[in-house]
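Colleague: Structure below; questions to follow.
The values are calculated or read from the model by the stated rules, or taken from the named source; none is laboratory data. Model, not experiment: these values are computed from the prediction. Quick reminder, even Gly has a Cβ in these numbers, built from the backbone with ideal geometry, and neighbours come from all protein chains shown. The area values use the complete protein model at the heavy-atom level, side chains included, leaving out ligands, DNA and RNA. Shrake-Rupley method; radii C 1.70, N 1.55, O 1.52, S 1.80 Å.
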Amino acid sequence: MKKFFLLLMLLNSLLMAGCSTVALDGGEELDEQALLRERRTREVILMDRAIETEAYSELKSDDEILGQCHVTVNVYDSAVLVTGEAPTEALGKKIISLIQAIDHVKLIHDNLTIAPPSDAASRTNDKLITDTVKIALNQIRTMPDFDPAMVKVVTENGIVYLMGLVHRDEGTVVINVTKLQHGIKQIITVFEYLD
C-alpha cells in the first residue's frame, strides 16, 4: 500500500512538473495530441497504470501464485480484467482477493480459468491474435472520430477481450471487425458504454 502511494506521488509530481507525455501500456507514450483523442483523463490513465503495477507487485510477492499460476492484469478506467490460469479454485480466489484489496479498483472482471498455466506456444498465438485485431481496428474508416487506441485488446487462450470507453455504435463496429479475424475462439466485451 505504501509503495502504491509513493508511486502516485511520484507520478503526480511528474504531472505538476509539466511533462507533455504519459507512459502507457507496453511502454508507449501518450503525447498531448493523443491525450486529446483519449477518453480517459491523464489522471485516470496514471491511476490505471498504478493499479496495474501494484497488482503485479502483489501477485509476484506471493510465491505460491508466482510459481503455479499465469496471471495477466489489464486496467482501463479503474476496471480490472484478470485473465490467465490458476491450477486450483483456492489460488484463483486468492488472486482475486489480492487485487480487490488495491485502492481505487472499481470493478473486477474475473476471467481466470482453473487450469494449469498455458504454454509458450499458446501465449505466442495469443500475441499474434492481439496484433491482428489491433491492425484490423486501425483500418476502421467508417467512424471519423474513432481512435483504435481507445480500445484495449487482450487475448488469452484464443479468447479476445475488448476494453475501453466507447459509444455503442463504435463497440458494434469493433466487435464486427474483430469477428472477422482468424483464430479467435470467443470475444468478450468489457466495454464501458458512453451512451
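Colleague: From the list T155, T124, T132, which residue is assigned to a helix (DSSP H, G or I), buried (at least 17 other Cβ atoms within 10 Å of the Cβ), β-branched (V, I, T) and on the phi < 0 side of the Ramachandran plot? Working first, answer last.
Modeller: On the way: T155 fails: assigned to a helix (DSSP H, G or I); T124 fails: buried (at least 17 other Cβ atoms within 10 Å of the Cβ).
The unique qualifying residue is T132.
Colleague: Just to be sure I understand the filter: pairs with C-beta atoms under 8 Å, separated by 6 or more residues or on different chains, first member in segment 50-75 and under 17 Å from H109 (Cα atoms), second member outside any helix (DSSP H, G or I) and small (G, A, S). Which pairs pass?
Modeller: I51/S78; H70/G84; H70/S118; V71/G84; V71/A86; T72/G84
Colleague: While we're here: Assess whether V173 counts as being assigned to a loop (DSSP other than H, G, I, E, B) and β-branched (V, I, T).
Modeller: Values: assigned to a loop (DSSP other than H, G, I, E, B): no; β-branched (V, I, T): yes.
When the stated conditions are applied, V173 does not pass them.
Colleague: A further question follows. Sort through T155, T142 and tell me the only one that's in contact with a helix residue (DSSP H, G or I) (Cβ under 7 Å, 6 or more places away or on another chain) and farther than 20 Å from D48 by Cβ.
Modeller: T142
Colleague: Take the residues in segment 99-111 that are of a type in the set (A, V, I, L, M, F, W, C) and open to solvent by 30 Å² or more (accessible area, probe 1.4 Å), then tell me which one is nearest to Q186 (Cα to Cα). Even if it seems obvious, please write down each step before you answer.
Modeller: Residues of segment 99-111 that are of a type in the set (A, V, I, L, M, F, W, C), as a first pass: 99, 101-102, 105, 107-108.
Filter once more, keeping what is open to solvent by 30 Å² or more (accessible area, probe 1.4 Å): 101, 105, 107-108.
On the way: A101: 30, V105: 26, L107: 22, I108: 20 Å.
Ranking the qualifying residues of segment 99-111, first place goes to I108.
Colleague: Look at segment 83-95 and say how many of its residues are among the β-branched types (V, I, T) and surrounded by fewer than 21 Cβ atoms within 10 Å (Cβ to Cβ).
Modeller: 1
Colleague: Sticking with this structure for a sec: Give A55, A115 a once-over and let me know the one that is of a type in the set (G, A, S) and surrounded by 16 or more Cβ atoms within 10 Å (Cβ to Cβ).
Modeller: Sole residue among the options that is of a type in the set (G, A, S) and surrounded by 16 or more Cβ atoms within 10 Å (Cβ to Cβ): A55.
Colleague: Here's another thing I want to ask about it. Among (1) part of a helix (DSSP H, G or I); (2) open to solvent by 70 Å² or more (accessible area, probe 1.4 Å), which single condition is D145 missing?
Modeller: Going through the list (1) part of a helix (DSSP H, G or I); (2) open to solvent by 70 Å² or more (accessible area, probe 1.4 Å), D145 breaks only (1).
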